[in-house]
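What follows is a short report on a single structure.
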Amino acid sequence: MRSGEYFPSPEVEKPEPIKLKGIDFDIEDIERAWERDRPLQLSISFPREKCNLNCVYCFTDAYREKTQQSVDVAKSVELLEEAKNLGITNLLLAGHGEPFSNKEIWPLLEKARELDLHVTVFTNGALLNATAIEKLREYPVSFVVKVNSFDPEKENRISGVKKYAEKRDEAIRAMIDAGFNKPDKNGFTRMGVSIMVYKDNADDAGEVIDWALERRILPMVSGTALTGKAVKHLDILGNQEDLKAAFRSVEERVHMRSPELHKQLFTPRSGQVVFNTLTVFVEYPSGSVISNVVQRQNIGHVKETLSAIWERNEKEREKQIEMSRDRINALR
Ligand code: SF4
């Protein structure tokens, strides 16, 4: 039996639409930030080597130099102060390595709590036991947990680590028990799952989506990128055609359930607009500030002030804002 079937029964009557704090933003806040030309989000990338998994599709190999160095905590804590003064409301810890492999995460969370900054953490969940989650309940934190499948054998194989799925599932149970999937007074929940679709997990992804929706957990679906380590594992992941077919099959399944739901899950969310137009990205261990995680243009260093870097990048931002206006209109 798959581990997902053991989880607590759904209690929510109307599971959609789901708004996840730190992934969904109020449109008015985005437009106000555009008008004031002030960022809304600071993204800090932890060093890649600080990860407890060894996923066969890990894209970070394509970008990063090998290092065992860490985040500069003192500098990052200072950055949070500056971010708050600039009008930033959200700290994003995503995309490189496992944030909870870094003991530096705790002073950052502490400072974010003190400054009333919301923190969105993408995590594989395996390092979070029930005690840590109980503690985190009191922090302004949302989690997006990696779930590609509830089949432990499959998940452990793709993550490259024995017993990963079992540990991750314990964390998910603890998050649900702690109420991370319950909406706050503004309708925002604090729990999502990120699902990477590849050749062999289209059906699993469909099950994870259904499971998540029944519990008011936001399912975030993406296709596997054949970059970094992934190119060496096409036997497991599939080629471009296999990946397209798998993703299409997940989309079709959701569309059959409801076209409205399909639109909700497969239209870029407001957080994507914040990511493209209102986010300052800091990468460790280098301390480089980059304009955008896709273009990776180096625009400064944490030795400078965030506002100086922000102003320097004005032209690129204007272009991105123009490109994002239609997206915002579609989300109204
Ligand atoms: S994909 Fe993420 S969780 Fe997996 S090895 Fe890479 S950094 Fe770690």
*Counting alpha carbon pairs within less than 8 Å and at least 6 residues apart, what relative contact order, in whole percent, applies to region 237-310?*
14 percent
*Under the rule of -39500 (n - 2.57) per DSSP H run of 4 or more residues, summed and divided by the residues of the chain, what mean residue ellipticity at 222 nm is obtained, to the nearest 500 deg cm²/dmol?*
-12500 deg cm²/dmol
*Size of electric dipole in region 3-331: Cβ of Lys, Arg +1 and of Asp, Glu -1, about Cα centre, debye, nearest 20*: 440 debye
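Run through region 213-316 and list the trypsin sites (Lys or Arg not before Pro) located in a DSSP loop whose Cβ has at most 15 other Cβ atoms within 10 Å.
For trypsin sites (Lys or Arg not before Pro) across region 213-316 that sit outside H, G, I, E and B with at most 15 neighbouring Cβ atoms in 10 Å, the list reads Arg296, Lys303.
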*Taking 0.36 nm per intervening residue step and subtracting the Cα-Cα distance, what contour gain separates Phe266 from Glu311 on full extension?*
12.9 nm
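Which ordering of Met191, Met256, Met196 is given by a fewest-first count of other beta-carbon atoms within 10 Å? Don't jump to the answer; show the numbers that get you there.
Working: Met191 24, Met256 11, Met196 21.
Neighbour counts put them in this order, fewest first: Met256, Met196, Met191.
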*For a footprinting-style exposure proxy, rank His262, His96 by other Cβ within 10 Å, fewest first.*
His262, His96
*Enumerate by residue number the chymotrypsin sites (Phe, Trp or Tyr not before Pro) in region 251-332 meeting two conditions: DSSP loop (anything except H, G, I, E, B), and at most 13 other Cβ atoms within 10 Å of the site's Cβ.*
none
_Cα centroid of region 251-300 to Cα centroid of region 67-130, whole Å_ = 18 Å
*Using a Gaussian network model of the chain whose springs link C-alpha atoms within less than 10 Å, name the residue from Ala178, Ala202, Ala112 with the highest mean-square fluctuation.*
Ala178
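Report relative contact order for the chain in percent, whole number only (criteria: Cα-Cα under 8 Å, sequence separation at least 6).
23 percent
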_Cleavage-rule hits (trypsin sites (Lys or Arg not before Pro)) in region 138-183: DSSP loop, at most 14 neighbouring Cβ within 10 angstrom_ = Lys162, Lys163
*Tally Lys/Arg at +1 and Asp/Glu at -1 over every other residue whose Cβ is under 13 Å from the Cβ of Glu251; what's the total?*
+4
*asked:* If you fit an axis through the alpha-carbon atoms of helix 164-177 and take the longest principal axis of the Cα set of the chain, what angle between them do you get, 0 to 90°, nearest 10?
replied: 70 degrees
_Tell me the angle of helix 105-115 to the major Cα principal axis of the chain, expressed in degrees between 0 and 90 and rounded to the nearest ten._
60 degrees
*Quick one: work out the % antiparallel among DSSP beta bridges in the chain, nearest 5.*
15 percent
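Values in this text are rule-based calculations from the coordinates and carry no lab data. Computed from a prediction, not measured in an experiment: that's the story for all the values here. Cβ: placed from backbone, ideal geometry, glycine included. Neighbour counts: every protein chain shown.
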